[in-house]
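Colleague: My questions will all concern the structure given below.
What follows draws every value from the coordinates through simple rules; no lab data is involved. Treat the numbers as computed from the prediction; the structure is a model and nothing was measured. Counting neighbours? That spans all protein chains shown, and the Cβs are built from the backbone with ideal geometry, glycine included.
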Amino acid sequence: MSVETKNVTISIEKAKISKIDQVDFDNLKFGSVYTDHMLVCDYRNGAWQAPKIMPYQSIALDPSAKVFHYGQAIFEGMKAYKDDKGDIFLFRPLENQKRLNISAKRLAIPELPEDIFMEGLTTLLQLDSDFIPTQEGSSLYIRPFMFASGNGFHASPADEYKFIIACAPSGSYFSGKVKVLIEQTYSRSANGGVGFAKAGGNYAGQFYPTQLAIEKGYNQVIWTDDTEHEFIEEAGAMNIFVRINDTLITGPTSDRILDGITRKSILEIAKDHNIPTEVRKITVTEVVNAAKDGSLKEMFGAGTAAVISPIAAFGYKGTDYDLPELENSYATKLKKLITDIQYNKSEDKYGWRYKV
Ligand code: PLP
Ligand code: COI
């Protein structure tokens with residue numbers, strides 16, 4: 001069968017047997033069980049073709065597919081939320097659609113039309129809506145991604161690509177307290193590079209330094225600038241906020257940092273709730289000194305997967321600095337404000353909630 005959405009015709013092949021009974025909704029991990037269907041759209045002969053929804057399955061690629069050799073691969077991270085009435089919502093989905101194309105352009109991947117992204121996604125969500133969890137703190141994690149499926153060992157952009165959306169009912173990204181290491185040796189990105197893109201290679205490059213940090217007892221690395229390792233940039237999967245006294249500070253975005261949707265939403269919400277905010281460069285020296293004199297009240301990461309994850313301690317040059325456990329932390333307050341909008345529990349004066 002096929003459905004005609006406003007501007008796109010999507011063919012649908014339904015799964016013969018649903019996997020829903022195998023999902024333990026009360027013990028969801030992050031991104032490790034998948035829904036019954038996926039959306040696939042091919043780029044060939046210079047154009048994106050009609051998208052297809054099909055049973056979730058493996059994909060066959062030629063060993064010479066350029067994604068394996070030259071890493072033309074980008075992705076997005078989004079969530080779908082279900083409210084008490086069973087209505088489904090996305091959070092600022094057009095921001096993800098735009099950012100996918102910003103990443104695509106930088107990696108020489110053809111940009112995807114908005115209609116295919118939005119209408120493909122909403123049709124897929126309607127079909128797999130039973131997989132959207134309603135348990136506290138859970139949601140359906142959505143992974144739209146694009147890669148070079150075209151063949152050849154020549155180091156140049158491929159002539160064929162695939163756009164796929166796969167979804168996973170998920171619980172929280174971190175289990176337990178988050179302890180981070182402020183990186184002094186390795187770099188995540190450099191000026192003029194691809195740090196601002198959600199390119200798979202940005203994450204591959206983080207794995208080895210992160211493994212070294214994990215061996216020392218940390219969960220994540222906080223990346224610093226690549227020249228002096230003195231300015232706080234972001235963490236592996238989230239933007240970073242620091243609270244010194246009453247002021248909430250985050251670094252400016254740049255071509256080295258992902259322009260996080262959670263980050264910019266938090267900045268707006270904080271301003272509207274009389275939390276003093278600053279967007280400016282944050283030095284490691286300033287954070288260490290503030291930890292020593294007690295003016296460093298909080299640090300937290302912000303991202304779609306991580307939501308708002310308070311940082312319990314950070315390590316720097318061999319010393320660990322613990323952060324206080326505040327009763328009325330900004331992290332707790334802001335997390336409630338943003339998730340109440342996402343789960344349709346509060347008014348959304350920003351127009352960020354998108355009903356599917
Ligand atoms: N920084 C990195 C490197 C990320 O992978 C993410 C997650 O997407 C973020 C920041 C947060 O971005 P967003 O809030 O748009 O999910
Ligand atoms: C997200 O937060 O959606 C991300 O893409 C981060 C990812 C590394 C889990």
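Colleague: What's the magnitude of the charge dipole for segment 178-343 around its Cα centre, counting Lys and Arg as +1 and Asp and Glu as -1 at the beta-carbon? Answer in Debye, nearest 20. Write down the numbers at each step before the final one.
Modeller: Details: 17 positive and 22 negative charges, 60 e Å.
Value, rounded to 20: 280 debye.
Colleague: Label point 7 Å out from S172 along Cα-to-Cβ: which residues of segment 116-136 have amide N under 15 Å?
Modeller: Of the residues in segment 116-136, 135-136 have backbone N under 15 Å from the label point off S172.
Colleague: Read phi for every residue in segment 290-303 and hand back ³J(HN,Hα) as whole Hz from Karplus 6.51 cos²θ - 1.76 cosθ + 1.60, θ = phi - 60°, with x for Gly and Pro.
Modeller: Listing the rounded values in order: 5, 5, 5, 8, x, 7, 7, 8, 8, 9, 8, x, 9, x Hz.
Colleague: With both bridge residues required to lie in segment 159-294, what share of the DSSP beta bridges run antiparallel, to the nearest 5%? Intermediate results must be reported in sequence, preceding the final value.
Modeller: On the way: 8 of 14 bridges.
Here the antiparallel bridges make up roughly 55 percent for segment 159-294.
Colleague: Chymotrypsin sites (Phe, Trp or Tyr not before Pro), restricted to segment 119-199: which are DSSP loop and have at most 13 other Cβ atoms within 10 Å? Please report the intermediate quantities before stating the final value.
Modeller: Numbers: sites: F131, Y141, F145, F147, F153, Y161, F163, Y173, F174, Y186, F196; in loops: F153, Y173, F174, Y186, F196.
Those satisfying the criteria are F153.
Colleague: Something else about it: For D259 and Y321 in one chain, what is 0.36 nm times their gap in residues minus the Cα-Cα distance, to one decimal in nm? Could the numbers behind the result be given before it?
Modeller: On the way: separation 62, 0.36 × 62 = 22.32 nm, distance 2.76 nm.
Residue separation times 0.36 nm, minus the Cα-Cα distance, leaves 19.6 nm.
Colleague: Would you mind listing how long segment 247-345 runs along its three principal axes, going by Cα atoms, in whole Å with the largest first?
Modeller: 43, 36, 25
Colleague: Oh, and also: Suppose the chain between E215 and E278 were pulled fully straight at 0.36 nm per residue; how much longer would it get relative to their current alpha carbon spacing? It would help to have the intermediate numbers written out before the result.
Modeller: Values: separation 63, 0.36 × 63 = 22.68 nm, distance 3.40 nm.
Stretched out fully, the E215 to E278 stretch lengthens by 19.3 nm.
Colleague: Here is a follow-up. Please sort by residue number the GluC sites (Glu not before Pro) in segment 297-339 whose DSSP state is loop and whose Cβ has at most 10 other Cβ atoms within 10 Å.
Modeller: For GluC sites (Glu not before Pro) across segment 297-339 that sit outside H, G, I, E and B with at most 10 neighbouring Cβ atoms in 10 Å, the list reads E325, E327.
Colleague: Could you grab the Rg to Rh ratio for the chain? Cα atoms only, Kirkwood for Rh.
Modeller: Details: Rg = 20.8 Å, Rh = 21.5 Å.
Rg/Rh for the chain comes to 0.97.
Colleague: Which loop-located GluC sites (Glu not before Pro) does segment 179-242 contain, where loop means any DSSP state but H, G, I, E or B and the Cβ has at most 10 other Cβ atoms within 10 Å?
Modeller: Passing both the DSSP loop test and the Cβ count: E228.
Colleague: What is segment 114-232's relative contact order, in percent, from Cα pairs under 8 angstrom and six or more apart in sequence?
Modeller: Numbers: 132 pairs, mean separation 24.2, N = 119.
Computed value for segment 114-232: 20 percent relative contact order.
Colleague: Run the quick spin-label model on K85 and T332: label points 7 Å from Cα toward the beta carbon, then report their separation in nm to one decimal.
Modeller: About 3.1 nm separates the two model spin labels.
Colleague: Number of Lys-Lys pairs in segment 178-343 under 20 Å by Cα, sequence gap 8 or more or different chains?
Modeller: Lysine pairs meeting both conditions in segment 178-343 amount to 22.
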